[in-house]
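One structure is given here, and the rest of the page talks about it.
The values are calculated or read from the model by the stated rules, or taken from the named source; none is laboratory data. Treat the numbers as computed from the prediction; the structure is a model and nothing was measured. Heads up, the Cβs are rebuilt from the backbone with ideal geometry, glycines too, and the neighbour counts pull from every protein chain shown. Only protein heavy atoms, including side chains, enter the accessible area calculation; ligands, DNA and RNA are left aside. Shrake-Rupley method; radii C 1.70, N 1.55, O 1.52, S 1.80 Å.
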Amino acid sequence: KLPVGSIIDVDKIRRYLLLPRLVDDKSKFLEAAGYTLAQWEELERDIRSAIAEYDAVEVRTDIYGMFYEVRAKWKGPNGREILVVTVWVRLKETGQTRFVTLYPDRKG
């Protein structure tokens, strides 16, 4: 499991995941489960709960550090269940574990 105190940049949630984008849009996937900008804290809570509940799997290493994926099932604010993969990096320089992104788990 990843450290419970892993860092999640709030701007990544509010300005990247929950806002529509032309490329690599995640907002529609999240909105289908009821995650909206108005309740961004619920998404942060569920991202954090995934690392407490599910195991992390090492997926690759690069110049920045070791990358991990955590597969999870969430019940969104509207009650709809979604399968999600959260991506994390343990930085080589500082040892900090940081949230990178998430995407739908199409394998689940």
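Rundown of residues vs (1) farther than 18 Å from Lys12 by Cα; (2) more than 10 Å from the chain's Cα centre (by Cα); (3) modelled with pLDDT under 95, yes/no style:
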| residue | (1), (2), (3) |
| --- | --- |
| Tyr68 | no, yes, no |
| Ile82 | yes, yes, no |
| Leu91 | no, yes, no |
| Thr94 | yes, yes, no |
| Val100 | no, no, no |
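Just name the residue that is farthest from the chain's Cα centre (by Cα) out of those in region 30-66 that are among the β-branched types (Val, Ile, Thr) and either under 18 Å from Arg15 (Cβ atoms) or open to solvent by 20 Å² or more (accessible area, probe 1.4 Å) (or both).
Ile63
What are the pairs with Cβ atoms under 7 angstrom where one residue, in region 67-84, is within 13 Å of Ala56 (Cα to Cα) and open to solvent by less than 10 Å² (accessible area, probe 1.4 Å) and the other, located anywhere, is part of a strand (DSSP E or B) and hydroxyl-bearing (Ser, Thr, Tyr)? Sequence gap at least six, or different chains.
What qualifies is Val70/Thr86; Ala72/Thr86.
State whether one or more residues within region 98-105 are touching a Leu at 6+ places or on another chain (Cβ under 8 Å), at negative phi and either open to solvent by less than 20 Å² (accessible area, probe 1.4 Å) or outside any strand (DSSP E or B) (or both).
yes
Examine region 20-29 for a residue that is surrounded by 15 or more Cβ atoms within 10 Å (Cβ to Cβ) and of a type in the set (A, V, I, L, M), and state whether such a residue exists.
There is no residue in region 20-29 that is surrounded by 15 or more Cβ atoms within 10 Å (Cβ to Cβ) and of a type in the set (A, V, I, L, M).
Taking Trp74 as the residue in question, decide whether it is touching a Leu at 6+ places or on another chain (Cβ under 7 Å) and of a type outside the set (D, E, K, R). Quick ask: steps written out before the conclusion?
Working: touching a Leu at 6+ places or on another chain (Cβ under 7 Å): no; of a type outside the set (D, E, K, R): yes.
Answer is no for this residue.
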